[in-house]
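The values are calculated or read from the model by the stated rules, or taken from the named source; none is laboratory data. Predicted model only: the values in this text are computed from it and were never measured. FYI the Cβ positions are ideal-geometry reconstructions off the backbone, even for glycines, and counts take in every protein chain you see.
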Amino acid sequence: MDQELEIIYQDDHYVAINKPHGLLVHRSKIACNTDRYALQELRNQLDRHVYPAHRLDRKTSGVLVFALSEEALQLIRKEFESQTIDKVYWAIVRGYTEEEGIIDYALTNDKGKVQEAVTRYKTLEKTEVNVPHLGHSTSRYALVEVYPETGRMHQIRKHFAHIFHPIIGDRPHGCNKQNKLFLEKWQMGTMLLHAKEFKFRHPYTQVETIFKAGPQPEFIRMIHALGFKSLVLPSQ
């Protein structure tokens, strides 16, 4: 039997889970190699209908919110449309990023439409590991906290690739040579992007509500393996 999803919040209107890496939100024509979906698993776990309030990439872990009625779904979607929802991510990227930055770079969606896209970030910590790679005697990485101001598909992944600090484990936007290094050195093939926080004004209570999700085991393992110290996380 598959392990139950980690529910981090539930009331009469919404439920939030900590989605593991590699789990699709719902069925997709472009991913036919799995029969596991967060939507169906949560529906079975709660024994009731649930409605995804937003998307989270298959490779991304963290906070994923579902509505428990069509009315609740429409109300939270209005908040997305008005851009009043704040999300925070953690990512491990190649190289040393600036202490903080704004990536303002328009992206083209799958229908060919060019859309404004803005991502803010700050660097939590930098690390240098004694692993030679591509002519360098060591390898450098940064742990960043990311605040997307728009919600375009693969926005964070594309934006960090655009500034030449791709997210480790990302395909196809990342660095294949780094991904190969992580697979060979640490047996790690997970994309190191985690949705840690989701903040919104609850449509029914009008109270500012924050959902928080701790990183998944592979993310924690790589935090320790790369020697980051700023996050107090359990050992794996």
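Numbers below:
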read-out	value
Condition met for Ile223 (in contact with a helix residue (DSSP H, G or I) (Cβ under 9 Å, 6 or more places away or on another chain), surrounded by 19 or more Cβ atoms within 10 Å (Cβ to Cβ), more than 26 Å from Phe80 (Cβ to Cβ) and of a type in the set (Val, Ile, Thr))	no
Output for the stretch 52-72, where each listed residue is modelled with pLDDT of 95 or more, surrounded by fewer than 19 Cβ atoms within 10 Å (Cβ to Cβ) and either small (Gly, Ala, Ser) or out of contact with any helix residue (DSSP H, G or I) (no Cβ under 9 Å at 6 or more places or on another chain) (or both)	Ser69, Glu70, Glu71
Residue in the stretch 196-211 that is at pLDDT 95 or above, among the hydroxyl-bearing types (Ser, Thr, Tyr), part of a strand (DSSP E or B) and surrounded by 15 or more Cβ atoms within 10 Å (Cβ to Cβ) present	yes
Filter pass, Lys122 being over 30 Å from Asn44 (Cβ atoms), part of a strand (DSSP E or B), among the charged types (D, E, K, R) and in contact (Cβ under 8 Å) with a residue 12 or more places away in the chain	yes
Subset of the stretch 128-153 (residues that are at pLDDT below 95 and closer than 22 Å to Arg58 by Cβ)	Thr150, Gly151, Arg152, Met153
Count of residues meeting criterion [closer than 21 Å to Gln216 by Cα and part of a loop (DSSP other than H, G, I, E, B)] in the stretch 140-189	10
Unmet criterion (only one of (1) over 18 Å from Asp86 (Cβ atoms); (2) touching a helix residue (DSSP H, G or I) at 6+ places or on another chain (Cβ under 7 Å); (3) buried (at least 18 other Cβ atoms within 10 Å of the Cβ)) for Pro148	(1)
